[in-house]
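The values are calculated or read from the model by the stated rules, or taken from the named source; none is laboratory data. Small disclaimer: the values here were computed from a predicted structure and weren't measured. With ideal geometry, Cβ positions are generated from the backbone for all residues, glycine too; neighbour counts draw on all protein chains shown.
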Amino acid sequence: MFQAYKYRIYPTTEQQTALAKSFGCCRWYWNYALNLCQETYKTTGKGCSRKAIQGLLPQLKQEYPWLTDAYSQCLQVVALNLSTAYKNFFEKRARLPRFKSKHSRQSISYPQNVKFEGDYLKLPGKVGLVYCLRHRPYEGKIKTVTVSQNSDGKYYASVLVDDGKETPNLSTNGKAIGIDLGLTHFAITSDGDKYSNPKHFVKHQRNLKRKQQKLSRKQKACTERSRSGSKSRQKARLKVAKVHAKISRCREDFLHKLSRKIVNENQVIAVEDLAVKNLVRNHKLAKAISDCGWGMFCTMLKYKAEKEGKTYLEVDRFFPSSKTCHVCLNQLGSLPLDVRSWTCEHCQTTHDRDINASINIKNEALRILSLGTSDTASLRGCQSSDEISVSSDAIPIDARSPHLLVEKCG
């Protein structure tokens, strides 16, 4: 089973120069190969194979001697990544490959000849030993190492290892939980727990606005050669990038902790298949929806559950989870967003909109797992325990079930 470990690295000034040259060579080769594929398709109606793209390297190195600044296998990986990108596009897993810019995140991959020597990561080529902060040990054999530089100027090494373990078989024996995602509360579970939305962007919005205003006042293009602007503009741009990086790290930290907690406590995890791309078209809610990171949260739940042999299931987005009574299955005709609680006309049960939706999501997932039968969770071995949940130990918790009284965590 493959697993990636991401470490912070601290290259020296000379090593930063060597990495910058490698980034530039790989980026240029990617853009050159992508342009060649597009022109070939326009002319002949066919694309370029990976072998054909890699076959261009010897001639290109003679024509452009500076291509030798990059490690040879890093350039070969570029052809592999481009062919994989086109394959994902034709299989409708990703969009069409695009040209790369030097103003965004930069990365190169080393497929072999990389190893750790104490506190240092030894990279082949002209880079050599780079100090690496290994905050946790890795287990397994190193397969690929990807070195990247973010927009805020920090360097990272993502180490892909093969631990030799088999992927565990998925099991449904245990506790089942349904999760409804929202804006006021980030996640509402079928147990009655409500996790508040941290709103990371809102917390840093004032600082970001101030730094963006300073950036807009800096001189842009001094000369034709200096298209990126003055040095003061570069410093201001770096400050803006650091604020964005801070927001991203805070969001990832929250999502990792919450997803880990949910996976540890449950065996079957059911969420709603949200079309985030369509939801952000609402200009009134686009910023709030983007700040939540629903897609990233579902991705974390999925791979963490699969790694531990637990079941992750997505319920269809058109399933009427909010306006269906989970007691008698009576369905309302309409339920506006401003109505947060409602009473069933058939059984007179008062429902919290979000908790009712999460319970329906869990029940629908259990129905799907039991092949459309009317089996209950207890008959299948997936039980929703009536015991008091330990969710009060989590950092991101905001509110509890209406029948439990717990202090609000800061």
Open item on the list: Which residue is nearest to residue 21 (Cα to Cα), if the candidates are limited to the range 102-128 and must be assigned to a loop (DSSP other than H, G, I, E, B) and without any contact (Cβ under 8 Å) to a residue 24 or more places away in the chain?
Closed with: 119
Task: Hits in the range 312-324 (condition: charged (D, E, K, R) and surrounded by fewer than 18 Cβ atoms within 10 Å (Cβ to Cβ)) - done: 314, 316, 317
Task: Condition check for residue 404: more than 23 Å from the chain's Cα centre (by Cα) and either assigned to a helix (DSSP H, G or I) or at pLDDT 85 or above (or both) - done: no
TODO: Report the residue count in the range 179-196 for those that are over 19 Å from residue 302 (Cα atoms) and either among the hydrophobic types (A, V, I, L, M, F, W, C) or in contact with a Gly (Cβ under 6 Å, 6 or more places away or on another chain) (or both).
DONE: 1
Task: Filter result (small (Gly, Ala, Ser), touching a helix residue (DSSP H, G or I) at 6+ places or on another chain (Cβ under 8 Å) and either touching a residue at least 24 places away in the same chain (Cβ under 8 Å) or part of a loop (DSSP other than H, G, I, E, B) (or both)) within the range 304-347 - done: 305, 321, 322
Task: Candidates 242, 220, 246 - the one that is at pLDDT below 90 and either of a type in the set (D, E, K, R) or within 25 Å of residue 22 (Cβ to Cβ) (or both) - done: 220
TODO: Residues being more than 18 Å from residue 39 (Cβ to Cβ) and either acidic (Asp, Glu) or part of a loop (DSSP other than H, G, I, E, B) (or both): count how many of those fall in the range 77-96.
DONE: 5
TODO: With the checklist (1) surrounded by 12 or more Cβ atoms within 10 Å (Cβ to Cβ); (2) part of a loop (DSSP other than H, G, I, E, B) in hand, flag the one item residue 132 doesn't pass.
DONE: (2)
TODO: Take the residues in the range 265-311 that are in contact with an Asp or Glu (Cβ under 8 Å, 6 or more places away or on another chain) and surrounded by fewer than 19 Cβ atoms within 10 Å (Cβ to Cβ), then tell me which one is farthest from residue 369 (Cα to Cα).
DONE: 296
TODO: May I ask you to list the residues in the range 318-354 that are small (Gly, Ala, Ser) and farther than 18 Å from residue 365 by Cβ?
DONE: 333, 334, 341
Open item on the list: Tally up the residues in the range 247-303 that are more than 22 Å from residue 205 (Cβ to Cβ), part of a helix (DSSP H, G or I) and β-branched (Val, Ile, Thr), please.
Closed with: 3
Task: Residue tally, condition closer than 15 Å to residue 8 by Cβ and surrounded by fewer than 18 Cβ atoms within 10 Å (Cβ to Cβ), over the range 157-176 - done: 1
TODO: With a cut-off of at least 2 residues that are touching an Asp or Glu at 6+ places or on another chain (Cβ under 9 Å) and closer than 22 Å to residue 144 by Cα, name the helices (runs of 4 or more DSSP H) lying wholly within the range 1-67.
DONE: 13-44
- [ ] Would you check if there is a residue in the range 26-39 being exposed (fewer than 13 other Cβ atoms within 10 Å of the Cβ), charged (D, E, K, R), over 21 Å from residue 127 (Cα atoms) and over 33 Å from the mean Cα position of the chain (by Cα)?
- [x] no
- [ ] Name the single residue, out of those in the range 175-203 being assigned to a strand (DSSP E or B) and basic (Lys, Arg), that is farthest from residue 351 (Cα to Cα).
- [x] 175
Task: Flag if residue 99 is assigned to a loop (DSSP other than H, G, I, E, B) and farther than 17 Å from residue 19 by Cβ - done: yes
Open item on the list: Whether any residue in the range 68-76 is surrounded by 12 or more Cβ atoms within 10 Å (Cβ to Cβ) and part of a loop (DSSP other than H, G, I, E, B) is what I want to check.
Closed with: yes
Task: Residue selected from the range 142-175 under the condition under 30 Å from residue 285 (Cβ atoms) and of a type outside the set (Ser, Thr, Tyr), by the criterion modelled with the highest pLDDT - done: 150
